[in-house]
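Before anything else, here's the structure in question.
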Amino acid sequence: NAGVTQTPKFQVLKTGQSMTLQCAQDMNHNSMYWYRQDPGMGLRLIYYSASEGTTDKGEVPNGYNVSRLNKREFSLRLESAAPSQTSVYFCASTFDASGPNEQFFGPGTRLTVL
Amino acid sequence: QQPVQSPQAVILREGEDAVINCSSSKALYSVHWYRQKHGEAPVFLMILLKGGEQKGHEKISASFNEKKQQSSLYLTASQLSYSGTYFCGSLDNAGGTSYGKLTFGQGTILTVHP
């Protein structure tokens, strides 16, 4: 099992450019999440998907869109990147259909917006 | 609202004990603890649920005081491998659309010296 995989690992964008961060899990989990992590801020939830075909906003959704392509894949799109979106992005997944459970995190994508 | 962790940082020698606290202004359904080493993804430590149930797979103990909306993580006989940043995540709603919609604290940096 690969667990949770993310691509790319590093990315540099110019202000206004767009990009999609990819995430996939092979653990048959129902829920998937996108977080951003900034120094001193901990992890902040951007969007989540509790099941295939559903998505919902988290704490900091502005400037992002998501797609739950199927049960395995959950992508995060920046339509017009801004310097404030410079951060480390983590995808996570869990099986929590019947209650809270361990979240498994991907290795992260380090994004810099110039 | 983000839960508040204390202390912000702690330095130990191997074998010493530490307590990390997590406090919320909201009534909590569950508290989740994760550890993150520098440059890596967060790793699950423990979940404490309202009513007393606990889930975890490390030899780390924690408590959850539902009335005070507080949780504490107890690190005893610390080892060098315990170094990292510890995050608590709180869930203040018994689900809504997701048991994993966590709000994380700002983190506590633990450094263990030989």
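Quick check, is residue B:19 more than 10 Å from every other protein chain (Cβ to nearest Cβ), surrounded by fewer than 20 Cβ atoms within 10 Å (Cβ to Cβ) and of a type in the set (Val, Ile, Thr)?
So residue B:19 fits the description; yes.
So how many residues does the range A:8-38 have that are open to solvent by 10 Å² or more (accessible area, probe 1.4 Å) and closer than 14 Å to residue B:41 by Cα?
Residues flagged as open to solvent by 10 Å² or more (accessible area, probe 1.4 Å) and closer than 14 Å to residue B:41 by Cα within the range A:8-38 amount to 4.
For the range B:48-75, which residues satisfy the criterion of being surrounded by 13 or more Cβ atoms within 10 Å (Cβ to Cβ) and farther than 14 Å from residue B:31 by Cα?
Hits for the range B:48-75 are B:60, B:75.
Residues are listed down the side, and each one gets a yes or a no for (1) within 15 Å of residue A:42 (Cα to Cα); (2) assigned to a loop (DSSP other than H, G, I, E, B):
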| residue | (1), (2) |
| --- | --- |
| B:5 | yes, no |
| B:16 | no, yes |
| B:19 | no, no |
| B:28 | no, yes |
| B:32 | yes, no |
| B:47 | no, no |
| B:52 | no, yes |
| B:59 | no, yes |
| B:72 | no, no |
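Counting just the residues of the range A:59-86 that are modelled with pLDDT of 95 or more and within 14 Å of another protein chain (Cβ to nearest Cβ), which one comes out surrounded by the fewest Cβ atoms within 10 Å (Cβ to Cβ)?
Checked the range A:59-86; the qualifying residue surrounded by the fewest Cβ atoms within 10 Å (Cβ to Cβ) is A:61.
Can you list residue pairs whose Cβ atoms sit under 7 Å apart, with the first residue in the range A:91-114 being under 27 Å from residue B:53 (Cβ atoms) and the second being surrounded by fewer than 23 Cβ atoms within 10 Å (Cβ to Cβ) and among the charged types (D, E, K, R)? Count only pairs 6 or more apart in sequence or on different chains.
Pairs that qualify, where the first residue is under 27 Å from residue B:53 (Cβ atoms) and the partner is surrounded by fewer than 23 Cβ atoms within 10 Å (Cβ to Cβ) and among the charged types (D, E, K, R), are A:94/A:102.
Name every residue in the range A:39-58 that is within 8 Å of chain B (Cβ to nearest Cβ), in a strand (DSSP E or B) and open to solvent by less than 30 Å² (accessible area, probe 1.4 Å), in order of residue number.
A:42, A:43, A:45, A:48
Okay, moving on. Is there a residue in the range B:35-45 that is away from chain A (no Cβ under 14 Å) and either touching a Leu at 6+ places or on another chain (Cβ under 6 Å) or assigned to a loop (DSSP other than H, G, I, E, B) (or both)?
No, the range B:35-45 has no match at all.
Among (1) more than 14 Å from chain A (Cβ to nearest Cβ); (2) surrounded by 14 or more Cβ atoms within 10 Å (Cβ to Cβ); (3) of a type outside the set (Val, Ile, Thr), there is one condition residue B:29 misses while meeting the rest; what is its number?
Answer for residue B:29: the failing condition is (1).
Tell me, yes or no, whether the range A:64-80 has at least one residue that is small (Gly, Ala, Ser) and closer than 23 Å to residue B:2 by Cβ.
no
If a residue must be within 11 Å of chain B (Cβ to nearest Cβ) and over 22 Å from residue B:38 (Cβ atoms), how many such residues does the range A:87-113 contain?
Residues that pass the stated criteria total 9.
The values are calculated or read from the model by the stated rules, or taken from the named source; none is laboratory data. All values reported here derive from a predicted model rather than from experimental measurement. Note that we place each Cβ from the backbone using ideal geometry, even for glycine, and neighbour counts take in every protein chain shown. The protein model used for the area step is the full one, side chains on, heavy atoms only, and it has no ligands, DNA or RNA in it. Shrake-Rupley method; radii C 1.70, N 1.55, O 1.52, S 1.80 Å.
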